[in-house]
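The values are calculated or read from the model by the stated rules, or taken from the named source; none is laboratory data. Everything numeric in this text was worked out from a predicted model, so none of it was measured. With ideal geometry, Cβ positions are generated from the backbone for all residues, glycine too; neighbour counts draw on all protein chains shown. With ligands, DNA and RNA removed, areas are computed over all heavy atoms of the protein, side chains included. Shrake-Rupley method; radii C 1.70, N 1.55, O 1.52, S 1.80 Å.
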Amino acid sequence: MIEVRELTKYFGERAAIRDLNFDIRPGEVVGFLGLNGAGKTTTLRILGCVLLPSSGQVTIDGLEVSADPHEVRRKIGFLPDVPPLYDEMTVGAYLAFAARLRGVTARDAPARVQESEDKVALRDMHGEIIGNLSYGFRQRVGVAQALVHRPRLLILDEPSAGLDPIQIVEMRSLVRRLRGEHTVLISSHFL
């Protein structure tokens with residue numbers, strides 16, 4: 001699913017990533033563990049086609065990210081460290097919007113929204129305003145937007161950051177349920 005060879009990213013003179021190599025097979029759940037500033041988020045942003053590498057090659061499901069970023073984005077769901085939420089929208093309206101942005105047809109969008117809400121236990125929040133939700137529920141909305149188009153690869157950047165102990169257990173349980181159906185890559189600085 002993911003092949004990374006000699007990945008390097010510089011910001012000015014500073015190397016955030018240098019000569020990184022790894023492979024992830026389809027259906028695996030893999031964690032990036034490291035201290036703040038170790039290059040986890042930079043790597044995930046390159047995999048998510050948000051940043052270009054300075055050098056090296058990244059292939060996702062057979063597609064090179066630098067050569068075909070639009071097609072790669074169709075295959076991935078990405079939850080950045082700060083979820084891209086619109087506080088004034090309801091959960092359901094936001095997920096329908098995210099589905100349409102990712103190419104889900106208007107006819108299929110309601111079913112995909114329901115499916116993603118069910119996967120992350122958000123069904124009861126469908127009509128709630130996102131800005132009124134707790135931090136934990138906002139994180140779930142972020143995961144649901146990353147899942148709504150049924151991506152083959154799910155990239156989650158620090159999905160448990162800021163969650164209470166019960167919410168962390170729920171997030172781990174969610175990731176376990178996604179195993180096999182999606183390849184999941186998670187970053188964290190907590191073992």
Item to check | Candidates Ile166, Ile60, Ile129, ranked by Gaussian network fluctuation over the chain, Cα under 10 Å, top entry | outcome: Ile166
Checklist outcome for this item: Expressed as a whole-number percentage, the relative contact order of the range 123-191 with C-alpha contacts under 8 angstrom and at least six residues apart is 36 percent
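Return a whole-number percent for the relative contact order of the chain, with Cα pairs under 8 Å and 6 or more residues apart as the contact set.
Contact order relative to length: 27 percent.
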Next on the checklist: Just to confirm the number: angle between the C-alpha axis of helix 165-178 and the first principal axis of the chain, 0 to 90 degrees, nearest 10?
Outcome noted: 80 degrees
Next on the checklist: Please enumerate, by chain and number, the aspartates and glutamates with C-alpha under 19 Å from the C-alpha of Lys75, excluding those fewer than 8 residues away in the same chain.
Outcome noted: Glu3, Asp23, Glu28, Asp61, Glu64, Asp108, Glu115, Asp157, Glu181
Next on the checklist: Please list, by residue number, every one of the GluC sites (Glu not before Pro) in the range 7-82 that is coil in DSSP and has at most 10 other beta-carbon atoms within 10 Å.
Outcome noted: Glu13
Next on the checklist: Looking only at the chain, where both bridge partners belong to it, what percent of the DSSP beta bridges are antiparallel (to the nearest 5)?
Outcome noted: 50 percent
Checklist entry - What is the calculated FRET efficiency for Leu101 to Val30, with r their C-beta to C-beta distance and R₀ = 25 Å, to the nearest 0.05? => result 0.40
Next on the checklist: Loop only by DSSP, 11 or fewer other Cβ within 10 Å of the Cβ. Give me the GluC sites (Glu not before Pro) in the range 82-191 that pass, ordered by residue number.
Outcome noted: Glu88
Checklist outcome for this item: Rounded to a whole %, the carbon-and-sulfur portion of the accessible area of the chain at a 1.4 Å probe is 52 percent
Next on the checklist: Please compute the per residue accessible area over the range 25-174 with all protein chains in place, 1.4 Å probe, rounded to a whole number of Å².
Outcome noted: 48 Å²
